[in-house]
Amino acid sequence: MLTRILTPDNEAIITAAKLLKAGQIAALPTETVYGLAADAKNEAAVKAIFEAKGRPQDNPLIVHIADISQLYEIAAEIPDKALTLAEKFWPGPLTMIFKKKSVIPDVTSGGLDTVAVRMPSHPIMQEIIRRGNLFIAAPSANISGRPSCTNALDVFEDFNGKIPLIIDGGECNIGLESTVLSLVTDTPTLFRPGFVTVEQLEETVGKIKISEAVTSPIKQGERVQSPGMKYRHYSPNAKVVLVKGEHSKVCQFIKDKEDSGVFALMFEGEKPIDNCLFYGKREDSAEQAKNLFKRLREVDRLGAKTVYVECPSTLGVGLATFNRLIRAAAFEIVNV
Ligand code: TXA
Ligand code: MG
């Protein structure tokens with residue numbers, strides 16, 4: 001299959017909307033990461049997403065909408081807190097989980113009776129939803145397990161020959177996937193931290209429960225509330241190790257590893273070491289979030305065998321970056 005990359009002019013947007021309507025899949029930009037899109041109501045199209053990504057079938061997809069009226073068509077129960085959150089954070093990088101209506105097929109929701117919904121702020125994504133009068137099911141556009149893609153070329157690297165179309169919307173502004181929050185539980189439960197922070201959510205609707213799986217590995221045999229939490233994630237080919245401690249000690253620890261193929265991701269503006277890439281300033285969590293996946297893909301291209309990553313703060317957006325990194329590192333943190 002020939003994979004076309006189109007710049008997002010009017011014609012490309014119409015092409016994408018038609019293609020999705022016809023039951024095909026396409027990669028589209030959003031403000032968080034690129035999504036691999038299909039018509040959420042079309043079972044065959046949704047199955048094609050799982051196949052292209054190599055995604056386990058019990059891992060549900062997020063359904064993207066462009067207008068609040070669409071929420072009422074797919075969610076069976078909409079608590080007040082959800083409307084308050086939608087008012088404040090939609091369109092934007094917040095996904096909310098609701099009891100689903102039957103218009104959303106089981107393949108889309110991974111067999112669950114709930115549906116994850118997000119209204120993205122990216123104008124191209126919004127326009128394609130509107131033009132096609134669609135609900136767009138879209139997981140992150142990456143081969144399952146790999147770091148998500150934050151630009152069209154990264155998507156091309158994973159899906160060349162496997163999908164017909166990539167709409168090139170440039171670099172994603174946020175660079176990490178949306179915050180995932182369940183509104184099905186009495187106290188809203190955070191399944192995945194993102195750019196909308198716990199602090200912001202609590203300011204808006206009060207107490208939020210943070211699922212243990214956000215920062216800890218799933219125990220054997222444990223029932224997971226959000227299937228995505230149990231799979232290996234965000235991993236480059238290189239082995240990732242998180243290193244926590246004073247900068248000079250982190251540097252010394254990495255220098256002592258004399259293997260070839262050792263790379264480091266460190267904070268910008270601090271004393272670097274050999275084979276070191278920066279992923280943002282220590283104090284700038286948003287910048288770290290934006291650069292992380294891009295850098296993880298970059299170290300692979302450079303032929304890294306191991307990449308040591310200076311551990312980020314877990315406050316605010318930092319919790320999202322930390323959550324992706326500990327998964328990429330299979331929960332291995334070295335304290336120096
Ligand atoms: O920013 C984003 O959220 C991007 C862009 C494309 O919108 N999408 C994305 O999708 O990251 P994905 O499929 O890579 O991650 C969705 C996560 C998964 O961990 C999945 O298990 C969880 O959300 N999820 C989806 N529906 C769910 C549900 N009904 N109940 C619990 N967890 C759900
Ligand atoms: Mg993903």
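The values are calculated or read from the model by the stated rules, or taken from the named source; none is laboratory data. Keep in mind that this is a model prediction, so the values were computed, not measured. FYI the Cβ positions are ideal-geometry reconstructions off the backbone, even for glycines, and counts take in every protein chain you see. Areas reflect the complete protein model, heavy atoms only, side chains present, ligands, DNA and RNA absent. Shrake-Rupley method; radii C 1.70, N 1.55, O 1.52, S 1.80 Å.
Some notes on this structure:
- Residue in region 105-116 that is surrounded by the fewest Cβ atoms within 10 Å (Cβ to Cβ), counting only those that are of a type in the set (A, V, I, L, M, F, W, C) and more than 19 Å from ALA82 (Cα to Cα): LEU112
- All positions within region 152-173 that are in a strand (DSSP E or B) and open to solvent by 10 Å² or more (accessible area, probe 1.4 Å): none
- The numbered conditions (1) over 30 Å from GLY54 (Cβ atoms); (2) in the same structural domain as GLU298 (by TED's automatic domain parsing); (3) surrounded by 15 or more Cβ atoms within 10 Å (Cβ to Cβ) are all true for HIS247 except (3).
- Residue in region 10-19 that is more than 16 Å from ligand 1 (Cβ to nearest atom), in contact (Cβ under 8 Å) with a residue 60 or more places away in the chain, open to solvent by 20 Å² or more (accessible area, probe 1.4 Å) and of a type in the set (D, E, K, R) present: yes
- Any hit, region 243-261, residues being closer than 22 Å to THR314 by Cα, outside any helix (DSSP H, G or I) and of a type in the set (A, V, I, L, M): yes
- Of all the listed residues (ALA52, ALA48, ALA37, ALA66), the sole one being away from ligand 2 (no atom under 16 Å from the Cβ) and either buried (at least 20 other Cβ atoms within 10 Å of the Cβ) or within 24 Å of GLY175 (Cβ to Cβ) (or both) is ALA66.
- Which listed residue, of LEU201, LEU190, LEU176, is in the same structural domain as VAL46 (by TED's automatic domain parsing), away from ligand 1 (no atom under 12 Å from the Cβ), open to solvent by less than 30 Å² (accessible area, probe 1.4 Å) and closer than 25 Å to LEU325 by Cβ: LEU201
- Every residue from region 222-250 that is more than 25 Å from TYR34 (Cβ to Cβ), away from ligand 1 (no atom under 16 Å from the Cβ) and out of contact with any strand residue (DSSP E or B) (no Cβ under 8 Å at 6 or more places or on another chain): GLU246, SER248, LYS249
- Qualifying residue in region 86-102 (condition: more than 10 Å from ligand 1 (Cβ to nearest atom), open to solvent by 60 Å² or more (accessible area, probe 1.4 Å) and in a helix (DSSP H, G or I)): yes
- Residue count for region 88-124, restricted to those that are aliphatic (A, V, I, L, M), closer than 21 Å to ALA152 by Cβ and within 16 Å of ligand 2 (Cβ to nearest atom): 0.
- Index of the failed condition, LEU190 passing every other in (1) outside any strand (DSSP E or B); (2) at pLDDT 95 or above: (1)
- For region 307-322, a residue qualifies if it is open to solvent by 20 Å² or more (accessible area, probe 1.4 Å) and in a strand (DSSP E or B), and exactly one does: TYR308.
- Restricted to region 24-80, the set of strands (runs of 3 or more DSSP E) holding at least 1 residues that are in contact (Cβ under 8 Å) with a residue 60 or more places away in the chain and away from ligand 1 (no atom under 14 Å from the Cβ) comprises 35-39.
- Scanning region 137-173 for residues that are small (Gly, Ala, Ser), out of contact with any strand residue (DSSP E or B) (no Cβ under 6 Å at 6 or more places or on another chain) and within 14 Å of ligand 1 (Cβ to nearest atom) yields a count of 4.
- Of the criteria (1) among the hydrophobic types (A, V, I, L, M, F, W, C); (2) surrounded by 23 or more Cβ atoms within 10 Å (Cβ to Cβ); (3) outside any loop (DSSP other than H, G, I, E, B), which one PHE195 fails: (3)
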